[in-house]
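K.L.:
Here's a structure for you.
The values are calculated or read from the model by the stated rules, or taken from the named source; none is laboratory data. Because the structure is predicted, anything quoted here is derived from the model rather than measured. Counting neighbours? That spans all protein chains shown, and the Cβs are built from the backbone with ideal geometry, glycine included.
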Amino acid sequence: MIWPAEAIWEAVYPQLPDFTVEVLPQVDSTNSELMRRIRAGQYEPTLLVAEQQTAGRGRLGRAWHSGVGDALTFSIALPLAPADWSGLSLAVGVSVAASLHPDLQLKWPNDLWLHGHKLGGILIETAGVGDQRYVVVGVGINIAERSADGLATPPAWLHEVLPGVDAGQALLRIAAPLVQAVKAFELAGFAPVQAQFAQRDLLQGRAVTLSDGTVGTARGVDAHGGLLLHTAQGLQTVTSAEVSVRPTPMEQG
Ligand code: BTN
């Protein structure tokens, strides 16, 4: 696999001095590796791509599986000091989707969907060192068709809409706009991309069930990225990172 590391670096470094791009044939998880480096005192802004992850992680402690060549798995670490962190995963999703294809949708708070199936996900972690906070933004995207073995529902893959685009080309499209989006978020938060999220909002108007049992109808997201849920008790804002959301199955009639 040929990675356009230099082209990526050229596109990103004007926004991030000291930026480096690194490709590893194998690592447990690009998020875990960058978090370890920050804790070890390596603070240079870094984009780390893995051709294979042996212990890829998703939200809520879930595993994220991919095989060599069938997915793009990368993380970006950089110092960040937003006034309000809420909505960052949504802003990242908006940027990644906009870089790839108009058909991509976003499932609150961090999933990328395509044509009714999950295409990828976002995992954001932060570490504080003194007064400085560092963020690690991890993105995983299915590129080529693979077996749906072991998955409850079959996934989507990017080749459905961008045939022939490999992981490196996808990363070249995503990287610079993503860094720009994260830097813009640092200055202005989620509100400026709220309308763009709404255009790709998979849950909008759908009956959903939260993992804590709450049921309601999704009514978009607020200016801080909270999920607005119309429930029997009225309009609730869901902000907890600890809940998962699934469309309520249609009643059999
Ligand atoms: C999710 O679906 O809950 C998020 C999946 C995020 C996967 C990416 S792959 C690159 C980075 N490294 C990881 O271990 N996870 C993220």
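K.L.:
Quick test for you: out of Ala218, Ala195, Ala175, pick the one residue that is assigned by TED's automatic domain parsing to the domain that holds Gly69, among the small types (Gly, Ala, Ser) and in contact (Cβ under 8 Å) with a residue 12 or more places away in the chain. Don't jump to the end; show me each part of the working.
P.N.:
Details: Ala218 fails: assigned by TED's automatic domain parsing to the domain that holds Gly69; Ala195 fails: in contact (Cβ under 8 Å) with a residue 12 or more places away in the chain.
When all the criteria are applied, what remains is Ala175.
Conditions tested, residue by residue: (1) surrounded by 19 or more Cβ atoms within 10 Å (Cβ to Cβ); (2) at pLDDT below 95; (3) under 25 Å from Ala181 (Cα atoms).
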{"site": "Thr54", "(1), (2), (3)": "no, no, no"}
{"site": "Arg57", "(1), (2), (3)": "yes, no, yes"}
{"site": "Leu60", "(1), (2), (3)": "no, yes, yes"}
{"site": "Ala63", "(1), (2), (3)": "no, yes, no"}
{"site": "Gly87", "(1), (2), (3)": "yes, no, yes"}
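K.L.:
Sort out which residues of segment 114-137 are closer than 24 Å to Ala223 by Cβ and away from the ligand (no atom under 11 Å from the Cβ), and write them in order of number.
P.N.:
Thr126, Arg133, Val135
K.L.:
Would you call Arg173 under 23 Å from Leu47 (Cβ atoms), at pLDDT 95 or above and not aliphatic (A, V, I, L, M)?
P.N.:
Judged against the criteria, Arg173 is a match.
One line per residue, one yes/no per condition, for (1) modelled with pLDDT of 95 or more; (2) of a type in the set (Ser, Thr, Tyr):
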{"site": "Leu162", "(1), (2)": "yes, no"}
{"site": "Val165", "(1), (2)": "yes, no"}
{"site": "Lys183", "(1), (2)": "yes, no"}
{"site": "Ala188", "(1), (2)": "yes, no"}
{"site": "Ala191", "(1), (2)": "yes, no"}
{"site": "Gln194", "(1), (2)": "yes, no"}
{"site": "Thr209", "(1), (2)": "no, yes"}
{"site": "Asp212", "(1), (2)": "no, no"}
{"site": "Arg219", "(1), (2)": "yes, no"}
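K.L.:
Here is a further query. Go through segment 87-145 and give me each residue that's more than 14 Å from the chain's Cα centre (by Cα) and outside any strand (DSSP E or B).
P.N.:
Once the filter is applied, which keeps residues that are more than 14 Å from the chain's Cα centre (by Cα) and outside any strand (DSSP E or B), segment 87-145 yields His101, Pro102, Asp103, His115, Gly116, Gly130, Asp131, Ile143, Ala144, Glu145.
K.L.:
Can you tell me which residue is surrounded by the fewest Cβ atoms within 10 Å (Cβ to Cβ) among those in segment 65-83 that are part of a loop (DSSP other than H, G, I, E, B) and near the ligand (Cβ under 10 Å from one of its atoms)?
P.N.:
That would be His65.
K.L.:
Residues in segment 156-169 that are closer than 24 Å to Val23 by Cβ and part of a loop (DSSP other than H, G, I, E, B): how many? Write out each step before concluding.
P.N.:
So the first thing to find is which residues in segment 156-169 are closer than 24 Å to Val23 by Cβ, and the list is 157-159, 162-169.
Subsequent filtering for residues that are part of a loop (DSSP other than H, G, I, E, B) retains 157, 162-166.
Adding up the residues that qualify gives 6.
K.L.:
If the Cβ limit is 9 Å and pairs must be 6+ apart or interchain, which residue in segment 56-75 that is outside the structural domain of Asn142 (by TED's automatic domain parsing) pairs with which residue that is near the ligand (Cβ under 7 Å from one of its atoms)?
P.N.:
none
K.L.:
Quick check on segment 6-55: of everything there that is in a helix (DSSP H, G or I) and free of Cβ contacts under 8 Å to residues at least 40 places away in the same chain, which residue is farthest from Gly168 (Cα to Cα)? Steps first, please.
P.N.:
Residues of segment 6-55 that are in a helix (DSSP H, G or I), as a first pass: 6-12, 30-39.
Applying the additional criterion that residues be free of Cβ contacts under 8 Å to residues at least 40 places away in the same chain yields 6, 9-10, 32, 36.
Working: Glu6: 11, Trp9: 13, Glu10: 15, Ser32: 21, Arg36: 25 Å.
If we take residues in segment 6-55 being in a helix (DSSP H, G or I) and free of Cβ contacts under 8 Å to residues at least 40 places away in the same chain, then Arg36 is farthest from Gly168 (Cα to Cα).
K.L.:
Let me ask another. Would you mind telling me which numbered condition in (1) touching a residue at least 24 places away in the same chain (Cβ under 8 Å); (2) more than 16 Å from the ligand (Cβ to nearest atom) Lys107 fails?
P.N.:
Here Lys107 clears every test but (2).
K.L.:
Residues of segment 6-40 being touching a strand residue (DSSP E or B) at 6+ places or on another chain (Cβ under 8 Å) and within 14 Å of Thr126 (Cα to Cα), which ones?
P.N.:
Listed by number, the residues that qualify are Thr30, Asn31, Ser32, Glu33, Leu34, Met35, Arg37, Ile38, Arg39.
K.L.:
Still on this model: Give me a count of the residues in segment 195-247 that are touching a helix residue (DSSP H, G or I) at 6+ places or on another chain (Cβ under 7 Å), surrounded by fewer than 19 Cβ atoms within 10 Å (Cβ to Cβ) and not in a loop (DSSP other than H, G, I, E, B).
P.N.:
Going through segment 195-247 one residue at a time, the tally reaches 2.
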